[in-house]
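The values are calculated or read from the model by the stated rules, or taken from the named source; none is laboratory data. These figures come from a predicted structure and were not determined experimentally. Here the Cβ positions follow ideal geometry from the backbone for every residue, glycine too, while neighbour counts run over all protein chains shown. Note: accessible area is taken over every heavy atom of the protein model, side chains too, but ligands, DNA and RNA are not part of it. Shrake-Rupley method; radii C 1.70, N 1.55, O 1.52, S 1.80 Å.
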Amino acid sequence: MRLVVDLNRCQGYAQCAFLAPDVFAMHGDESLLYDPEAAEEHREDVARAVAACPVQAILLQADADEPVPTGGGVR
């Protein structure tokens, strides 16, 4: 799975870092660090983080060989 975060849209609410700490982390008060190639074992946590983002700044892209899920901002 591949993650894309629109850092211009991100407001640093840190819901993603709370819900998927192995993938997202806040650096200071406003800078988000994340692993764009998150491991498959973190998919459920990442999906929760995507759904919880108040500004919908996170996009989860399916791999080329898997179906694209629908709804909840997960793509």
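Leaving ligands and nucleic acids out of the surface, order Asp22, Asp35 by accessible area at 1.4 Å, largest first. Don't skip to the end; give the middle numbers.
Details: Asp22 115, Asp35 65 Å².
In descending accessible area the options line up as Asp22, Asp35.
How would Leu32, Leu59 line up by accessible area, probe 1.4 Å, largest first?
Working: Leu32 20, Leu59 50 Å².
Result, largest first: Leu59, Leu32.
What net charge do the residues around Pro21 carry, taking every other residue with its C-beta under 13 Å from that of Pro21, with Lys and Arg at +1 and Asp and Glu at -1? Don't skip to the answer; put the middle values down first.
Details: positive: Arg48; negative: Asp22, Asp35, Asp45.
Charge balance near Pro21 sits at -2.
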